[in-house]
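One structure is given below, encoded as structure tokens.
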Amino acid sequence: MSVDKGTHLLSMADLSRQSLLKLVENGEQLLEVLARDIKKVPTLRGRTVVNLFLEPSTRTRISFEIAAKRLSADSITISGGGSSTEKGETLLDTARTMEAMGPDVVILRHKDSGAPNFLATQLQNTALVNAGDGMHEHPTQALLDLLCLHRRLHRQRNGVRYGVDAGSTLSNLKVAIVGDVRHSRVARSAIIAHSLLGNHVRLVGPPTLVPLEFASEQCFPGKIQVFHDLEAGLDDVDVIVCLRIQRERLAGNFFSSLAEYSAYFSVTEERIQRCSPKALVMHPGPANRGVEIASEVADGPRSLIRDQVKCGVAMRMAVLLRVLSGEMS
Amino acid sequence: MKRIITGAEIIDPSQGLAEQRDLIIEDGVVSDILPCGHGAAPLPQPLVEGAEIIDATGLWLVPGLVDIHVHLREPGFEWQETINSGGASALAGGFTSICCMPDTVPAVDSKTVVAFIKQQAEATKGVRIFPVGSLTKGQRGSEMSPLAELASSGCVAFADEPEPVRDLSLLRRALEWTRHLNRPFFAHLEAKDLTRGGCMNESPVSTRLGLVGLPKAAETLMVSRYIELSALTGAMIHLCQVSCARSVELITRAKEEGINITAEVSAHHLSLTENDVGDYCTDYKVYPPLRTSEDVEVLRQALADGIIDVIASDHSPCDSDTKAVTFAEAARGIIGLETTLPVILDLVASSKLSISKAVTALTQNPAKICNLPIGSLRRGSPADITIIDPHKEWQVDLGAIRSKGKNTPWIGRKMMGQAVYTLIGGEPGLRAFQPPRD
């Protein structure tokens, strides 16, 4: 049995607006499961989920492990540190070994863009979920962010706990993504997700980290603008997504120092008050406090950071269920 | 042995010839090209006496094709290709002469290595193989190779492929020598400081795919550099693998000023774009990278206008281990000896290039750049001949590729047009069809 490309989740571009919203709604239902005392359902009993994390990760990996276990699946993790890839085994041979062991799903994180696409050509009978490939995409992050946003927005508006249509809360939004967009897979997935929903996306940061190409139709279709001035970019937005600034980028001369970056682009309470006082703030984590985001913002009432983590497990449960049902797109 | 090839459409731009004629070969050279003998006016009996007659009616006959940019990988990388397998690949692709690049191990930086290559080439008894010497010792860019020794032992040109020399003062003095030795210098167009980590053309497409880009400036900066160096030294500089419109602009202006430069383009740069990378398929990873459709249009026009002189494949066999990996990790390179001709014929068939310009770029011009006594069918020329069936339908089949490298984006593609017969020095090389005898 050859697995249809429709059962993989490699990119947000694999989804239609409808299936995206359906996933968010499924995630919301699963949050209810996680609110119970016994947080387990038997749906995926007997299925095997392999987490192939060839790039280090703690939060995403644990999130996927817990998600599989909550659904009663068997979860096995192979991480870059302890696997034979360190001995020089290629991704290709790892894939073949996987295929021979016959898991139902492989969750792949890899340092190179397109690694899941490559793996998909090698795995005939296994569904594949992209948990982050290089700078390219991190679809489950974009999905959990939407779930989180949906929950907060409609709680703000309606006070009702569950059951409101995600399509209406998540549309007509202005979203600013601030920071190292160039190297961010979270940003790319978020751009595609928000464009699917018809939202306005602003990409904000210094020109070395937010090249103008992002605003080209040939890059991502949608209402996307690039801003190299923080306050102009944050003007009257509903959501601010902060991206981590990596120290490693200093070697590539993308900015002269973290201090200079933060002096001009750090998301502080004062700046938010001036530009969009009602904005919510998100961060995929881990945050560099004082660099891309001020501590007071990260810990304050407009921050969704803790909720994002909670939504992560529920959303990944929804993705596993959908991928194994063969109905991803 | 005397051979007469009858009935072919002979296309020889060096003589302005494009007509159905009969061609006579004697003692390994073209002895005559005559109006076709048939019906009431057959070829005279004494002429035909003792000759092998090859009926090539309906086929095209051109001077033996020449590819001046080929990587044969031997010595040093014999698992990727050998002089033998590369020669077989060239033959299968209709080429009768190739120039092999010096990026071997050891590099082609001494007469011993040149002698080795020539010895290996003799053993294949087929395609003519002309070695290109390395400009610097070991391709390390710090000391000049013994250029005069390399020239006299048989190198037809010098190159810094694919490691561009950084030291401009070394480059200047070396070019003064190459000029003195009357050999062209093949320049690799890559400013390496701008291409670290790069995988594909830098553009909205690479941004979307999350791949580090290769900016066109990495190529055009080098084009400008070599134009100035050629002006400074008078050296003949041949620009390898031009891929973008801006390079064409710079070359056009330089040629108008009379600067001694020439340029080449590959079949893949004339037909594929960055969008073909699609799903991160490593068969499309190459340097220079595939660019945009605007660049492709400009390159085709430049070839038609003579701004680009030569079609050359940059045949770069890679073993499958280096391609069956992620895009960032994959080796760069596309094989080209067996696919250049059909891809070019396809452009001719769809009126994007004239057959005469295509043949010029594959015969007369490359021969002229390397000062080789081939590329023409004038009386007295060595009988290096390629016979093409322009209507032959075939498919690029993994199992049938003669090169050890299978890294081509055209696996499985249906092609129309193929070389079916070649002669080198009047002796048969490729024989992919048995023509009926008269």
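Some points to look at:
- Counting charges near A:R244 (Lys, Arg +1; Asp, Glu -1) among other residues having Cβ under 15 Å from its Cβ returns a value of +2.
- Across the range B:57-72, computed HN-Hα scalar couplings (Karplus, 6.51 cos²θ - 1.76 cosθ + 1.60, θ = phi - 60°) run 4, x, 10, 9, 10, 10, x, x, 5, 10, 10, 8, 9, 9, 9, 9 Hz from first to last residue, x flagging Gly and Pro.
- The order of A:R17, A:R61, A:R157, going from fewest to most other C-beta atoms within 10 Å of their C-beta, is A:R157, A:R17, A:R61.
- Taking chain A as a whole, the Cys residues whose C-beta sits 4.7 Å or farther from every other Cys C-beta are A:C219, A:C242, A:C275.
- Cross-link reach is defined here as a Cα-Cα straight distance under 17 Å, omitting same-chain residues fewer than 8 places apart; for A:K40 the lysines meeting it are A:K69, A:K310.
- Cα gyration tensor category, rounded, prolate or oblate, for the range A:119-221 with a/c compared to 1.5: oblate
- Taking amide H positions as modeled 1.01 Å from N, with prolines and chain starts lacking one, the residues under 5 Å from B:F186 and 5 or more places away or on another chain are B:F158, B:A159, B:D160, B:H238.
- Report note on the peptides B:46-57, B:276-287: ranked by the mean count of other C-beta atoms within 10 Å, highest first, their order is B:276-287, B:46-57.
- Computed over chain B: relative contact order in percent, which uses C-alpha pairs under 8 Å that are six or more apart: 20
- Cβ crowding within 10 Å, taken as a proxy for footprinting-reagent exposure, orders A:R202, A:R271 from fewest neighbours to most as A:R271, A:R202.
- Neighbouring Cβ atoms from other chains, within 10 Å of the Cβ of residues in B:83-95, number 0 on average.
- Sequence-ordered 3J(HN,Hα) estimates for the range B:333-342 from the Karplus curve with 6.51, -1.76 and 1.60 and θ = phi - 60° stand at x, 9, 6, x, 4, 8, 10, 4, 4, x Hz, glycine and proline given as x.
- All lysines inside 22 Å of B:K111 as judged from Cα atoms, apart from same-chain residues fewer than 8 positions distant: B:K125, B:K137
- Under 15 Å, Cβ to Cβ, from A:E231 - net charge with Lys/Arg +1 and Asp/Glu -1: -1
- Annotation: amide H of A:I177 within the under-5 Å range of A:R202, A:L203, A:V204, A:V241, sequence separation 5 or more or interchain, hydrogens built in the peptide plane.
- Footprinting exposure proxy ranking of B:V127, B:V348, B:V420, fewest other C-beta atoms within 10 angstrom first, gives B:V348, B:V420, B:V127.
- Sequence-distant residues sharing a close amide H with A:L280 (under 5 Å, placed H): A:V239, A:I240
- Sorted on the mean count of surrounding Cβ atoms within 10 Å across their residues, most packed first, peptides B:259-268, A:37-46 read B:259-268, A:37-46.
- Shielding by partners for peptide A:113-121, expressed as the average number of C-beta atoms from other protein chains within 10 Å of each residue's C-beta, is 6.
- Applying 1/(1 + (r/R0)^6) with r as the Cβ-Cβ distance of B:R378 and B:K2 and R0 = 25 angstrom yields a FRET efficiency of 0.85.
- Three-way shape label, the range A:172-290, alpha-carbon gyration tensor, a/c 1.5: oblate
- Summed residue charge, Cβ within 9 Å of B:D32's Cβ, Lys/Arg positive, Asp/Glu negative: -1
- Magnitude of the charge dipole for chain B, about its Cα centre and with charges confined to Cβ atoms of Lys, Arg (+1) and Asp, Glu (-1), is about 420 debye.
- Cα shape, the range A:6-70, gyration tensor, a/c 1.5 rule: oblate
Throughout, read-outs are computed from the coordinates displayed, never taken from laboratory work. All figures in this text were calculated on a predicted structure; none of them were measured in a lab. Glycine also receives a Cβ, built like all others from the backbone with ideal geometry; neighbour counts cover every protein chain displayed.
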